[in-house]
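Every number in this text was worked out from the coordinates using simple rules, so none of it is lab data. Since we're looking at a predicted model, the values are computed, not measured. Ideal geometry is used to build each Cβ from the backbone, glycine not excepted, and the neighbour counts take in all protein chains shown.
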């Protein structure tokens, strides 16, 4: 969040990054790129039989190939600078594998592996690459989903927070808690971190049991 004391210029572009032709349009707005945060995608739930080939490909075009293609293009710019940080926001489904979210689990696991592989050697080009894997986060989308579920299961959408009591600390993560981790990892204070996945899930990925 910016206030009146901030310096600099903010621009934005409405582009579909599942289409590779959008990438040059985005990169053309900046001569130097210090940080890339890939954070996009809404992969549908469903098991192997309910997610057909086209649905699977459509879902991966943005969150898997979109991340990879944008990283490739930005990496080339960062190589010329001999500096830069790439952070891929993935998700808990990479560790908490779910057959009913099979396309999402596979996508997040793939992007975690991609980030580790790229980040293991990117230091040679002066670049760091990492992944941030959040658990449940209290976004507008999550609240809407939980309210719908609470209305069905508990008889009132106002009781949606009760559905999160099984999570660490009895709640979902706040968006700022994830953003703070991304900000730290992108900063020089994390200058010796690369090729790792940082889970922001209150320890959820390290314990047994279901959501």
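If you take the alpha carbon radius of gyration of region 141-194 and divide it by 2.2 N^0.38 Å, what ratio comes out, to two decimals?
Normalised Rg, Cα atoms only: 1.62.
Using Cα pairs closer than 8 Å and at least 6 residues apart in sequence, work out the relative contact order for the chain, in percent.
So the answer I get is 20 percent.
For the pair residue 154/residue 79, report the inter-label distance in nm, with labels modelled 7 Å from Cα in the Cβ direction.
It works out to 5.2 nm between the two label points.
Share of Cα-Cα pairs in the chain beyond 25 Å, in percent? Before the final figure, lay out the partial values.
Numbers: 9889 of 22155 pairs.
Of the Cα pairs, 45 percent sit more than 25 Å apart.
Given R₀ = 22 Å, FRET efficiency for residue 193-residue 34 by Cβ-Cβ distance, to 0.05?
Details: r = 16 Å, r/R0 = 0.73.
E(calc), rounded to 0.05, equals 0.85.
When the convex hull of the Cα atoms of region 107-203 is projected onto a plane and the area is averaged over all directions, what value comes out in nm²?
Approximately 7.2 nm², given one-decimal rounding.
Under a point spin-label approximation (7 Å from Cα along Cα-to-Cβ), what is the residue 48-residue 9 distance to one decimal in nm?
5.3 nm
If one computes the Cα centroid of region 162-188 and of region 108-125, what distance in Å separates the two points?
Computed from Cα coordinates, the inter-centre distance equals 23 Å.
For a quick check, take a GNM of the chain with Cα springs below 10 Å and name the residue from 126, 41, 104 with the largest mean-square fluctuation.
126
As I understand it, the value is the acute angle between the Cα axis of helix 102-119 and the longest principal axis of the Cα atoms of the chain; what does it come to in degrees, rounded to 10?
Rounded to the nearest ten degrees, it is 30.
In degrees between 0 and 90, to the nearest 10, how far off the longest principal axis of the chain does helix 175-186 point, with axes built from Cα atoms?
Between the helix axis and the principal axis of the chain, the angle is about 30 degrees.
Using only DSSP helix segments of four residues or longer, with each worth -39500 (n - 2.57), what per-residue ellipticity at 222 nm results for the chain after dividing by its residue count and rounding to 500?
Per the formula, -11500 deg cm²/dmol.
I need the Debye-formula profile for region 13-53: one equal scatterer per C-alpha, no solvent, reported as log10 I(q)/I(0) at q = 0.21 1/Å, two decimals.
Each listed q corresponds, in turn, to -0.80.
Given a 10 angstrom Cα cut-off, can you work out which residue in 122, 30, 73 is the most mobile in a GNM of the chain?
Result for the chain, Cα springs under 10 Å: 30 fluctuates most.
Between residue 179 and residue 139, how many nm apart are label points set 7 Å from Cα along the C-beta direction?
For the pair residue 179/residue 139, the computed spacing is 1.4 nm.
In vacuum, with every alpha carbon of region 22-128 counted as one equal point scatterer, what does the Debye formula give for log10 I(q)/I(0) at q = 0.17, 0.18 Å⁻¹? Two decimals, please.
-0.80, -0.86
Kindly express, to the nearest 10 degrees and within the range 0 to 90, the angle between helix 53-63's C-alpha long axis and the longest C-alpha principal axis of the chain.
50 degrees
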